[in-house]
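Trainee: Once you've had a glance at the structure underneath, I'll fire off some questions.
The values are calculated or read from the model by the stated rules, or taken from the named source; none is laboratory data. Keep in mind that what you see is a predicted model, and the values were worked out from it rather than measured. Don't worry about glycine lacking a Cβ; one is built from the backbone with ideal geometry, like all the others, and counts go over all protein chains shown.
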Amino acid sequence: MLAERRIQGLDGLRWDDDGLAERYLDAYRPLVGDFSGDLERVETALTAGMTKEYFEQRKSQTNKAITDALGPQLAAAYRIHPQGTRPRTRFGLELAPDAIGVMPCRSRHRD
C-alpha cells in the first residue's frame with residue numbers, strides 16, 4: 001500500500017485517514033486469503049476503523065522486520081519514515097519511486 005502510494009506520488013498515511021481500515025484490509029486480504037484466521041482477526045480488530053495504536057504497532061512491526069532482515073544500515077532506505085511535522089505527521093516510504101516495483105500478489109493460502 002505504501003509502495004503503491006509512493007509510486008503514484010501520493011503522500012504517506014496517517015492512522016486517521018478516511019477509509020484507511022478498508023484500504024488496509026483490501027491490501028491484506030490477498031496476502032492471507034479470504035478464509036484465513038489471520039484475516040478474521042484483523043477484520044475484528046478494525047471493526048471500528050483504524051486506531052492510532054493499531055497503526056503504530058503495525059508500522060513498528062514492519063520496520064523491525066525490515067531491520068531484522070537487512071540490518072540497520074541497509075534497512076534505512078526501506079523503512080517507513082515520518083513525513084511532515086507534528087501534529088499532522090504522515091508516514092510513508094522515502095525510497096525513490098523508480099526504485100520500487102510492485103508485483104501481483106498471489107495468496108500464500110488456497111481459498
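Trainee: Between residues in segment 82-101 that are over 19 Å from Asp17 (Cβ atoms) and residues that are of a type in the set (A, V, I, L, M) and surrounded by 14 or more Cβ atoms within 10 Å (Cβ to Cβ), which pairs lie under 6 Å by C-beta distance while being six or more apart or on different chains?
Mentor: Every condition considered, the pairs that remain are Leu95/Ala77; Pro97/Ile7; Ile100/Ala3; Ile100/Ile7.
Trainee: So, one more: I'd like the full set of residues that are within 18 Å of Pro104 (Cβ to Cβ) and surrounded by fewer than 12 Cβ atoms within 10 Å (Cβ to Cβ), limited to segment 13-30.
Mentor: Across segment 13-30, the qualifying residue is only Asp26.
Trainee: Follow-up. So, of the residues in segment 83-93 that are modelled with pLDDT of 95 or more and part of a loop (DSSP other than H, G, I, E, B), which turns out to be nearest to the chain's Cα centre (by Cα)?
Mentor: Of everything passing the filter in segment 83-93, Leu93 is nearest to the chain's Cα centre (by Cα).
Trainee: Applying the selection to segment 3-30, what residues are within 12 Å of Phe91 (Cα to Cα) and part of a helix (DSSP H, G or I)?
Mentor: Correct list: Ala3, Arg5, Arg6.
Trainee: Could I ask something else about it? Go through segment 42-74 and give me each residue that's surrounded by 13 or more Cβ atoms within 10 Å (Cβ to Cβ) and part of a helix (DSSP H, G or I).
Mentor: Val42, Glu43, Ala45, Tyr54, Phe55, Arg58, Lys59, Thr62, Asn63, Ile66, Thr67, Leu70
Trainee: Against the condition touching a strand residue (DSSP E or B) at 6+ places or on another chain (Cβ under 7 Å), at pLDDT 95 or above and among the hydrophobic types (A, V, I, L, M, F, W, C), how does Ile80 come out, does it pass?
Mentor: So Ile80 passes the test.
Trainee: Before we move on, is Leu39 surrounded by 14 or more Cβ atoms within 10 Å (Cβ to Cβ), hydrophobic (A, V, I, L, M, F, W, C) and either under 17 Å from Trp15 (Cβ atoms) or modelled with pLDDT of 95 or more (or both)?
Mentor: So Leu39 fails the test.
Trainee: Moving on. Looking only at segment 1-36, count how many residues are at pLDDT below 90 and among the acidic types (Asp, Glu).
Mentor: Of the residues in segment 1-36, 1 are at pLDDT below 90 and among the acidic types (Asp, Glu).
Trainee: Which of the residues that make up segment 11-51 are of a type in the set (A, V, I, L, M, F, W, C) and touching a Gly at 6+ places or on another chain (Cβ under 8 Å)?
Mentor: Selection gives Leu13, Leu20, Ala21, Leu39.
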